[in-house]
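Remarks on the structure that follows.
The values are calculated or read from the model by the stated rules, or taken from the named source; none is laboratory data. Note that the structure is predicted; figures quoted are calculated from it, not measured. With ideal geometry, Cβ positions are generated from the backbone for all residues, glycine too; neighbour counts draw on all protein chains shown. Calculation scope for accessible area: heavy atoms of the full protein, side chains included, ligands and nucleic acids excluded. Shrake-Rupley method; radii C 1.70, N 1.55, O 1.52, S 1.80 Å.
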Amino acid sequence: MRFILALLLLSTLAYALPFSLVKHETSKEIGPTLFVIGGIHGNEPGSYFAASILTQYYTITKGNLWVIPNLNHKSIMMNSRGVNGDMNRKFADIDIDDMDYQIVDELKKIITDPQVDLILNLHDGHGFYRKEYKNTIFNPGAWGQTCVIDQGVLDCDHPYKDLDKIASTISRSLNDGLIQDHHTFYVRNTNTRFDDEAMKHSLTFFAINHNKPAFALETSKNLPTLEEKVFYQLRAIEGYMQYMGITYARPFELTAEKLKEIIKRNGNVTINNNIHLNLENLRAGLSFVPLKSEGNDFNFTHPLGGMMQNKGKYNLYIGNQMVSSLSPSIHLSGECSEEMRIEVDGKEEKLNFAKEYLITTDVMIVNKSLARANIIGFTREGRVDESNMRVTLRDFDTKYAIDKDAKAYRVEFYRDNNFCGMTLIHFK
Ligand SMILES: [Zn+2]
């Protein structure tokens, strides 16, 4: 996990990309490289939650896997197909003033990187594709449950040039383990060059015109749950890895049930390096969160974590789900450089900001510095600084808890009126 985050950070720093590019590479052996793109359309969560799980949980033991989990991140947070229009129609030509220009331009460079051998563009599409028209859900115009190709065979010589053969192999293997019979996968060939004006502007058509085998993978928007969409996405991606000889390991059994549990793991966020919030069970709204007037830095452990400001609030997202909304209390940054300590259940240790301390019985902030500790939800008459007194869960007014179980509370440190940092105390 830490390794992945380091990589994520590295790639972000190295290229200053407008999205995350996570590279799972095996250094010992140069093998084929699969490049997976999630989130080109913000209202297709099966695509980006699958890509996100790939980056977080999969290990590659042979070959290489590159993943973008959050290509169109703003549209993802807004659960919109594209806040600046359809990004998948901007690959033939794009105006330099287009709001998506930088994303599309950087992505094209990765697609054409000589190391990339095969590209998957993930989607959730309408309905269930059928060759014959049955109704508005099952018909030849539907995209759901298809492996999409632009043409049968690539024009150049390439080990993966037979797109139709590969897509057929993957569809067949998917059809071996369907949750329900009507989830059948088909190959849908759009014959883009001759038949499909719109698709000529797509990501995959750009790729194949640069001699890169590329496929769109569409699970159905009409599947009943997100975990079923992610299940089929991951099974298809694993199918492509197997086809290419990329070997991998994942620490869970691939079932919709297990994925349901994994999708719920929100991780945490660090703000300005001095505030830590656990996003698992966070309340929908937090008040008086000490932030700077501008330039606040939000660092999420989840690849789909993001922040959007709206009407003075800082809204925190995992994918298209808003987890919490923070109402800020604006403070200048303070300096509390002297060491402070914390006594957890009678055992004293150094206190760090942006950390969560788990408490069984009681806790005390041990502080001889000039900083003032404010334990939010705890008051003792006549005291301004709440250091150096033992506190138990019973001492709290539960309406100040940050979690839904009313067991986690903020301890904030101030020097004069300037904010130094926050730490969380979480009663078990
Ligand atoms: Zn789509």
What ³J(HN,Hα) values, in whole Hz, does the Karplus curve 6.51 cos²θ - 1.76 cosθ + 1.60 give for segment 287-296 when θ = phi - 60°, with x put for Gly and Pro? 9, 6, 7, x, 10, 7, 5, 7, x, 6
Please report, as a whole percent, how much of the solvent-accessible surface of segment 2-263 comes from carbon and sulfur atoms (probe radius 1.4 Å). 52 percent
Hey, can you grab everything whose amide H is under 5 Å from the amide H of TYR357? Only 5+ residues off in sequence or another chain; H modelled, so Pro and N-termini drop out. LEU424, ILE425, HIS426
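Relative contact order, percent, of segment 88-215 when contacts are C-alpha pairs under 8 Å separated by at least 6 residues? The partial results should precede the final answer.
Details: 201 pairs, mean separation 41.9, N = 128.
Once divided by the residue count of segment 88-215, the mean separation gives 33 percent.
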Segment 268-330 accessible area per residue, 1.4 Å probe, protein heavy atoms, integer Å², reads 43 Å²
When segment 244-399 is reduced to its Cα atoms, the Kirkwood hydrodynamic radius in Å: 18.3 Å
Two decimals is fine: what's Rg over Rh for segment 168-229, C-alpha atoms, Kirkwood radius as Rh? 1.04
Ordering PHE91, PHE288 from largest to smallest accessible area (1.4 angstrom probe), what's the sequence? PHE288, PHE91
Of all DSSP beta bridges in the chain, what percent run antiparallel (nearest 5)? 60 percent
Please report the base-10 log of the normalised intensity I(q)/I(0) for the chain, using a Debye sum with one equal scatterer per alpha carbon and no solvent, at each q in 0.06, 0.11, 0.14 (1/Å). -0.31, -0.86, -1.19
Expressed in nm to one decimal, what extension gain is obtained for the pair LYS347 and THR225 from 0.36 nm per residue of sequence separation less their Cα-Cα distance? 39.3 nm
What list of ³J(HN,Hα) values in whole Hz, one per residue of segment 315-323 in order, does the Karplus curve 6.51 cos²θ - 1.76 cosθ + 1.60 (θ = phi - 60°) give from phi, with Gly and Pro shown as x? 8, 9, 10, 10, x, 8, 9, 7, 8
For segment 268-330, with all protein chains present and a 1.4 Å probe, just round the carbon and sulfur fraction of the accessible area to a whole percent. 42 percent
Any cysteines in the chain with zero other Cys Cβ atoms under 4.7 Å from their Cβ? List them, or say none. CYS147, CYS156
Which residue, GLY82, GLY152, GLY305, has the most motion in a Gaussian network model of the chain that connects Cα atoms within less than 10 Å? GLY152
From the Cα centre of segment 360-391 to that of segment 208-279, the distance in Å is 44 Å
Expressed as a rounded percentage, what relative contact order does the chain have, with Cα pairs under 8 Å and six or more residues apart? 13 percent
With runs of 4+ DSSP H residues as the only contributors, calculate the mean residue ellipticity of the chain at 222 nm using -39,500 (n - 2.57) per run, divided by the residue total and rounded to the nearest 500. -6500 deg cm²/dmol
With every protein chain left in place and a probe of 1.4 Å, what is the accessible surface of LEU34, to the nearest 10 Å²? 0 Å²
Which value, in Å² and to the nearest 10, is the accessible area of VAL344 when all protein chains are kept and the probe is 1.4 Å? 20 Å²
Determine the per residue accessible area of segment 341-427 with all protein chains present and a 1.4 angstrom probe, expressed in square angstrom. 50 Å²
If the elastic network links every pair of Cα atoms under 10 Å, which of MET340, MET77, MET199 fluctuates the most in the Gaussian network model of the chain? MET340
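Could you tell me what a quarter of the Cα convex hull surface of segment 136-213 works out to, in nm² with one decimal place?
Details: hull surface 23.0 nm².
Projected over every direction and averaged, the Cα hull of segment 136-213 covers 5.8 nm².
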Counting residues in segment 340-428 as N, plug N into 2.2 N^0.38 Å and put the Cα Rg over that result. 0.98
